[in-house]
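Input: a single structure, listed below in C-alpha cells.
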Amino acid sequence: MSEPPSSPARPPDELSPVDYLMHRGEATPATRTAFLNVEILDSPADWDRLREAIDRASRVVIRMRQKVVVPTVPTTPPRWVVDPDFDLNYHLRRAALPAPGTLRQLLDLAELTLQSPLDTSRALWEAIYVEDLEGGRAALLTKLSHAITDGLGGIALFEQVYDTERDPLPRPMPPIPIPRDVTGEDLVRDSFTHLPQTAVSTGRRALGRAVATADRLIRRPGPTVLDTIGFAESARRILGPPPVPPSPLLRRRSLASRTVVLEVPLADLRAAAKSVGGSVNDAYLAGLSGGLGRYHQALGVPIDALPLTLPVSLRTDDDPASGNRFAGATIAAPIGEPDPAERIRLIRAQVIARRSEPAIDVIGQIAPVLALLPDGALQMVSERINVPDIQASNVPGYGAETFLAGAKVERQYAMGPLPRVAMMAILVSRAGICTVTVRYDTASFPAADQLEKDLQLGFDEVLELGRPKPRPAARRPAARRRTPAAPRRRPGERTS
C-alpha cells in the first residue's frame with residue numbers, strides 16, 4: 001500500500017478579500033459560488049468506513065471544521081474559526097434514489113443540492129451518500145463553498161478522503177481540532193486591543209511599497225512609467241467590455257438549471273490537440289465551441305463568436321490548498337468556425353495572449369476595496385460587471401485509481417456555479433477519462449435535446465482530428481492496351 005498523503009499545512013485564519021467576497025455571494029442565488037462533485041462508485045461503500053474517512057479528513061483539513069465569523073464592524077478581516085458546534089451528522093447525510101436509479105436521476109438530485117444555499121453559520125460544506133443506483137452502484141455528492149478553495153485546491157484537499165486500494169490498512173484517527181467560541185463582537189474588541197500594533201505594521205508596509213516605487217522611478221524612470229501605463233491598459237482590457245458582444249440567443253436568465261455530462265478518453269483528446277499543435281485545454285474549448293456553434297445554427301441564429309471566460313490558476317507550490325488563487329481570462333470563442341483544427345489554433349492564440357496580461361489579477365487587487373462595500377453597494381457593483389455567456393474550467397484530477405470506503409471511484413463529474421452566466425462547463429480528467437459536465441440555465445438554452453446532441457457532435461469532430469487517417473489505396477498501373485496486329489495478306493489478295 002502506498003503511503004497516505006501528508007497533512008496539509010495549516011492555512012491562515014484570516015479570510016482573504018477574494019475569499020470573503022465568495023462567502024458573501026451565498027446571500028443571493030445569482031452570486032452563489034458553491035461547486036459540487038458527483039463521484040460514481042462501482043459498488044456500495046461501507047457506511048461506517050465512509051463516516052470514518054470523512055471524520056478523519058475533517059480533522060486533517062481544518063477548513064472542514066471551521067466556520068466564518070464576521071466582525072460586527074469592519075475593523076478587522078473575517079476569520080475562520082473551528083466551530084464548537086460542529087456536527088458530522090449534519091454535514092454528511094444518506095439518501096437513496098427511487099428505481100431505476102439512473103444517472104439522470106442522480107444529476108437532478110445534484111442540481112437541487114447545488115441550488116440550495118449553504119448555512120453560513122456552519123462549516124461551508126455538505127456531502128450526501130446516495131445508494132440504489134442502477135447496476136448496484138452508489139455515489140457521493142460533495143458540495144463546497146468557493147470561499148474554502150478553488151477547483152485545484154479542492155483536488156488537493158480531498159486527497160485525505162481517498163485510499164489507493166480497496167481494502168487498505170486502517171489509518172490512525174487524528175485528534176479533534178480545538179474549537180473556539182468566537183463572535184463578531186469578540187473580533188471587534190480584539191482588533192481595538194491590537195489597533196496600535198496593526199496601524200504601525202500597515203504603515204510600514206505602505207511606506208515600504210512607496211519607497212520601492214520611488215526607487216524604481218529614480219533608477220529606471222522610462223521602463224517604470226511604461227510598465228504602469230501597460231498595466232493600466234491591460235486592466236482596461238480585462239475590466240472592460242468582452243472582446244465580442246454577447247450572443248443574442250442567450251440573453252435570458254432564470255433560477256432553473258440542468259446538467260448534462262459527456263465522456264472522452266484523455267488520450268484521444270490529447271492526440272487531437274497534438275495533431276494541430278494545441279493543448280488538451282485548447283481541444284476541450286474547441287469541442288465546446290463547436291457544439292455551441294451548431295446549436296446557434298440549428299436555432300437559426302448563427303454568429304461568429306461569443307464571450308467565454310476561463311480561469312487562470314495563480315497557484316504556486318508554496319500556496320496552501322485552501323483559498324482561491326485564480327483569475328479570469330475572457331476570449332472570443334470562435335463558435336462560427338466550421339474547421340475544428342482552425343478553432344483550436346484560434347483559441348490557443350487568444351488564451352496565450354490573455355494569460356500574459358500584466359493585469360491578469362486585477363480583480364484580486366481591487367478585492368480589498370470591494371470587500372468593504374455594504375451589501376447593497378456590492379450588489380450594484382456586481383450587476384454592472386460585464387459577464388460572459390459561458391464559463392469553462394479545466395481541472396486535472398487524480399491520475400491513478402482511487403477508492404472510498406471499499407468502493408472504487410469510477411467517474412467524477414464537477415458541477416460549477418452559474419454566476420449570471422448562461423453555462424458553466426467543467427472538464428475533469430481522472431484515471432485516463434475526461435468528463436465534461438455542462439450546467440446551463442434552461443432559460444438561456446430552452447432546446448435541451450438539441451443542445452446535448454450538438455455538444456456531442458462538437459467533441460466528436462475534434463476527436464476525429466487525432467484518429468489515424470486511412471491511407472489511400474495504392475493505384476495499380478493500368479494494363480497496356482494491346483493493338484491487334486494487322487492481318488497478313490495472302491499472296492495475290494487485294495485490299496478493299
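Okay, residues lined up against (1) closer than 30 Å to Pro170 by Cα; (2) at pLDDT below 95:
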| position | (1), (2) |
| --- | --- |
| Ile40 | yes, no |
| Pro44 | yes, no |
| Val60 | yes, yes |
| Val73 | no, yes |
| Leu88 | yes, no |
| Leu103 | no, no |
| Thr120 | no, yes |
| Ala127 | yes, no |
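To keep it simple, each residue is scored yes or no on (1) open to solvent by 40 Å² or more (accessible area, probe 1.4 Å); (2) touching a Leu at 6+ places or on another chain (Cβ under 8 Å); (3) free of Cβ contacts under 8 Å to residues at least 24 places away in the same chain.
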{"residue": "Ala27", "(1), (2), (3)": "yes, no, no"}
{"residue": "Ala30", "(1), (2), (3)": "yes, no, no"}
{"residue": "Glu52", "(1), (2), (3)": "yes, no, no"}
{"residue": "Asp55", "(1), (2), (3)": "no, yes, no"}
{"residue": "Ile62", "(1), (2), (3)": "no, no, no"}
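Please determine, by comparing only the residues of region 282-328 that are modelled with pLDDT of 95 or more and polar (S, T, N, Q), which one is farthest from Val436 (Cα to Cα).
Checked region 282-328; the qualifying residue farthest from Val436 (Cα to Cα) is Gln297.
Just the residues that are of a type outside the set (A, V, I, L, M, F, W, C), outside any helix (DSSP H, G or I), in contact with a Leu (Cβ under 7 Å, 6 or more places away or on another chain) and open to solvent by 30 Å² or more (accessible area, probe 1.4 Å), please, taken from region 428-473.
Gly432
If you scan region 391-422, which residues turn out to be more than 12 Å from the chain's Cα centre (by Cα), within 24 Å of Asp282 (Cα to Cα) and not charged (D, E, K, R)?
Within region 391-422, Tyr398, Gly399, Ala400, Gln412, Pro419, Val421, Ala422 qualify.
Filter region 388-422 down to the residues that are surrounded by fewer than 18 Cβ atoms within 10 Å (Cβ to Cβ) and among the aliphatic types (A, V, I, L, M) and list them by number.
Ala400
Could you check, for region 111-118, whether at least one of its residues is farther than 17 Å from Ser58 by Cβ and not in a helix (DSSP H, G or I)?
yes
Considering Ser356, Ser393, which residue is free of Cβ contacts under 8 Å to residues at least 40 places away in the same chain and of a type in the set (Ser, Thr, Tyr)?
After ruling out the rest, the residue left standing is Ser356.
Determine which member of the set Glu410, Glu401 is of a type in the set (Asp, Glu), assigned to a strand (DSSP E or B) and either under 24 Å from Leu103 (Cα atoms) or at pLDDT 95 or above (or both). Steps first, please.
Numbers: Glu401 fails: assigned to a strand (DSSP E or B).
So the residue among Glu410, Glu401 that is of a type in the set (Asp, Glu), assigned to a strand (DSSP E or B) and either under 24 Å from Leu103 (Cα atoms) or at pLDDT 95 or above (or both) is Glu410.
Given (1) of a type outside the set (A, V, I, L, M, F, W, C); (2) closer than 30 Å to Pro17 by Cα; (3) touching a strand residue (DSSP E or B) at 6+ places or on another chain (Cβ under 8 Å), where does Glu131 come up short, assuming only one miss?
(2)
Across region 252-311, what is the number of residues that are without any contact (Cβ under 8 Å) to a residue 24 or more places away in the chain and small (Gly, Ala, Ser)?
Total meeting the criteria: 1.
Name the pairs whose Cβ atoms lie under 9 Å apart, with the first residue in region 162-178 and loosely packed, with under 12 Cβ neighbours inside 10 Å, the second assigned to a loop (DSSP other than H, G, I, E, B), and 6 or more positions between them or separate chains?
That search, which allows pairs on different chains as well, returns Asp167/Gly406; Leu169/Met1.
Which residues, taken from region 238-265, are assigned to a helix (DSSP H, G or I), at pLDDT below 95 and surrounded by 17 or more Cβ atoms within 10 Å (Cβ to Cβ)? Walk me through how you get there before you give the answer.
Just the residues of region 238-265 that are assigned to a helix (DSSP H, G or I), to begin with: 238-239, 248-250.
Checking which are at pLDDT below 95 leaves us with 238-239.
Matches in region 238-265: Ile238 only.
What number of residues in region 350-364 are among the small types (Gly, Ala, Ser), at pLDDT 70 or above and not in a loop (DSSP other than H, G, I, E, B)?
Taking region 350-364 as the starting set, the residues that turn out to be among the small types (Gly, Ala, Ser) are 353, 356, 359, 364.
With at pLDDT 70 or above added as a condition, the list becomes 353, 356.
Within this subset, residues satisfying the condition of being not in a loop (DSSP other than H, G, I, E, B) are 353.
Final tally of qualifying residues: 1.
Looking at region 365-384, which of the residues that are assigned to a loop (DSSP other than H, G, I, E, B) and without any contact (Cβ under 8 Å) to a residue 40 or more places away in the chain is surrounded by the fewest Cβ atoms within 10 Å (Cβ to Cβ)?
Pro374
The values are calculated or read from the model by the stated rules, or taken from the named source; none is laboratory data. In this text the structure is predicted, and so the values were computed from the model without any measurement. Cβ coordinates were reconstructed from backbone atoms using ideal geometry, including for glycine residues, and neighbour counts include every protein chain displayed. Just the protein is used for accessible areas: all its heavy atoms, side chains included, with ligands, DNA and RNA removed. Shrake-Rupley method; radii C 1.70, N 1.55, O 1.52, S 1.80 Å.
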